[in-house]
Amino acid sequence: MMNENNLSKGTMWQATTSCDPAYDGVFYYAVKTTGIFCRPSCKSKVPNRENVSFFSNAEEAKTSGYRPCKRCRPDLSIQHYDPFEYVLEDTMRLIKNNYNKKMPLHEIASRIGVSRFHLNRVFKKRIGCTPRIYLEKVRVKKAKELLLTTAFNNTEIGYQIGFQSMSSFYHAFKRNTGLSPSQFRAYYTGNTGSKEME
Ligand SMILES: [Zn+2]
């Protein structure tokens, strides 16, 4: 549908800065300062325009001395390349590193560089749940750890792992484990001393 010969440098630069996957396989961009070339959709840091050159195929970029980016793998054919794989990896990493903060989906999506709708759909399709549910699972996993290894009470743990209220912590925990936080602690540590918060 697109022919690189028809693409202006302005169009290619626009596709590069917006990480547009529609141009993957159509052209490649290389960055002089890093010696690396990428697909347009690559989520690596946007380079300075003056360091960028464009190539219509990966071979050309390699011949000019550039190495393929390890992240977007422009050396692999488009059929073997999954542009969403690193979107998913980035999303999971972002959630794991920030699970204890308030993190609405639109913020995750904008930090990853895709639309909220798109992220939700792709994530659900590939991971089997939405990013919100994934975040909940990460938090519950952390809560279990804290319940078993610390003396913090339920309220302290709930807030520490990013829940905005005790009831949301309680419901999320129960949904994922079938037990309330106190029941879980008592069941696995034999410690029934902590006061039931629910
Ligand atoms: Zn790349």
The range 135-190: relative contact order in percent, alpha carbon pairs under 8 Å with at least 6 residues between: 35
Among Pro40, His106, Phe27, the residue whose Cα sits farthest towards the positive end of the charge dipole of the chain, when +1 is placed on the Cβ of each Lys and Arg and -1 on the Cβ of each Asp and Glu, is His106
Among Glu59, Glu85, Glu50, residue whose mean-square fluctuation peaks in a GNM of the chain (springs only between Cα atoms under 10 Å): Glu50
Working from Cα positions, state the angle (0 to 90°, nearest 10) between the long axis of helix 85-98 and the longest principal axis of the chain. 40
Please get the size of the charge dipole for the chain, origin at its Cα centre, with Cβ charges of +1 on Lys and Arg and -1 on Asp and Glu, quoted in debye to the nearest 20. 460
Which value in deg cm²/dmol, rounded to the nearest 500, describes the helix-derived mean residue ellipticity at 222 nm for the chain, given -39,500 (n - 2.57) per DSSP H run of n ≥ 4 and division by the residue count? -14500 deg cm²/dmol
Once you keep just the Cα pairs under 8 angstrom separated by 6 or more residues, what percentage relative contact order results for the chain? 13
With the contact rule set at Cα under 8 Å and sequence spacing of 6 or more, what percent relative contact order holds for the range 15-93? 30
Tell me which of Asn154, Pro74, Ile133 sits at the most positive position along the dipole axis of the chain, charges placed on C-beta atoms (Lys, Arg +1; Asp, Glu -1). Asn154
Surpassing 23 Å at the alpha-carbon level, of the pairs Lys101/Lys141; Lys45/Lys124; Lys137/Lys174, are Lys45/Lys124
Provide Rg over Rh for the range 85-132; use the alpha carbon set for both Rg and the Kirkwood Rh (inverse mean inverse pair distance). 0.91
Footprinting proxy, Leu148, Leu119: sorted fewest to most Cβ within 10 Å, the residues are Leu148, Leu119
Within 10 Å of each residue's Cβ, count the other Cβ atoms and sort Ser18, Ser8 from fewest upward. Ser8, Ser18
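Coordinate-derived values only; no laboratory data. What you are looking at is a predicted structure, and each value in this text was computed from that prediction instead of being measured. Cβ sites come from the backbone with ideal geometry, for glycine too, and all protein chains shown count toward neighbours.
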